[in-house]
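The values are calculated or read from the model by the stated rules, or taken from the named source; none is laboratory data. Owing to the predicted nature of the structure, the values given are computational and were not obtained by experimental measurement. Methodologically, a virtual Cβ is constructed for each residue, glycine included, from the backbone with ideal geometry; neighbour enumeration extends over all protein chains shown. Surface accessibility is based on the protein's heavy atoms, side chains included, excluding ligands, DNA and RNA. Shrake-Rupley method; radii C 1.70, N 1.55, O 1.52, S 1.80 Å.
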Amino acid sequence: MKKLIIILFFLSLVSLNSFGEIRPIPDIIKEGILKYEGSVFTNDPRDPGGATKYGWTLKTYKMIFPGANVNDLKSMTWEQALELYEDHFWVVHGTQYIRPDSLAGTLLLAQINMGASRPNKLLQQVCNELCDCNLKIDGLLGKMTVYKVNNCSRLDDAYPYILWHDKYMPLVNKMPYYKKGWRNRALHYAQDN
């Protein structure tokens, strides 16, 4: 119920156009999604997400389409997956307002992989530490967070590396076979990667 309230809150912000026009996911970010989420159906027994296509797990897909089954997931197209990313991550979580695109892309890839709250909270924490932003660490990309993040020039360079170290490295001990993919995902948009 709490997630539904948060989603409705963000939808109301977007419908009021409080930040500005809704922008589509830039091509450079679409390419990153496709590269790290893949285009084939997988059901890796080592992956806690289970059955997956374009990064959408069956569990998450069923949250949007309650009657869905594995065959529905298998038949999903790239265009459908991208539309779902736009509607359920890019717009709802306010990621579309983050600049530059490299930072928005890093954030979106992390949101897709681990849900929005953890990478958003880390973004707020890093913004506070690097630029003395004094943001509430709540995982919501509201007006103040967007403004402060977009005015913290050091974030674009630092966030991918801190994301890798603080969020992905602890997981590597449990699932070492994903280390290279997680590192590449976290650092994909980094300046010197």
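Between ALA158 and GLN125, the distance separating the two model label sites (each 7 Å from Cα on the Cα→Cβ line) works out to 1.3 nm. For the residue pairs LYS53/LYS174; LYS143/LYS174; LYS121/LYS174; LYS143/LYS179, the alpha carbons lie more than 32 Å apart in LYS143/LYS174; LYS143/LYS179.
Helices in the chain, meaning DSSP H runs of at least 4 residues, each add -39500 (n - 2.57). Divided by all residues, the mean residue ellipticity at 222 nm is -15500 deg cm²/dmol.
Site pair LYS143 and ILE28 shows an inter-label distance of 2.9 nm when each label is modelled 7 Å from Cα along Cα→Cβ.
Count Lys and Arg as plus one, Asp and Glu as minus one, and take only other residues whose Cβ is under 13 Å from that of SER39; the net charge is then +1. Just the protein heavy atoms count here, and of the accessible area of the chain at 1.4 Å, carbon and sulfur take up 55 percent. Given the choices [x] 46; [y] 35; [z] 62, percent of Cα pairs over 25 Å apart derived from the coordinates of this structure is entry [y]. Accessible surface for LYS62 stands near 90 Å², nearest 10, in the context of the full protein assembly shown (1.4 Å probe).
How much accessible area per residue does the chain have, counting only protein heavy atoms and a probe of 1.4 Å, in square angstrom?
On the way: 10350 Å² over 193 residues.
About 54 Å² of surface per residue is accessible.
With the whole protein complex present, TYR178 retains an accessible surface near 50 Å², based on a 1.4 Å probe. Residues PHE65, PHE89 ordered from highest to lowest accessible area at a 1.4 Å probe: PHE65, PHE89. Estimated at the nearest 10 Å², the accessible area of CYS133 is 10 Å² with a 1.4 Å probe.
Taking R0 as 45 Å, what's the FRET efficiency between GLU21 and ASP44 from their Cβ-Cβ distance, rounded to 0.05? Before the final figure, lay out the partial values.
On the way: r = 39 Å, r/R0 = 0.86.
Calculated value: 0.70.
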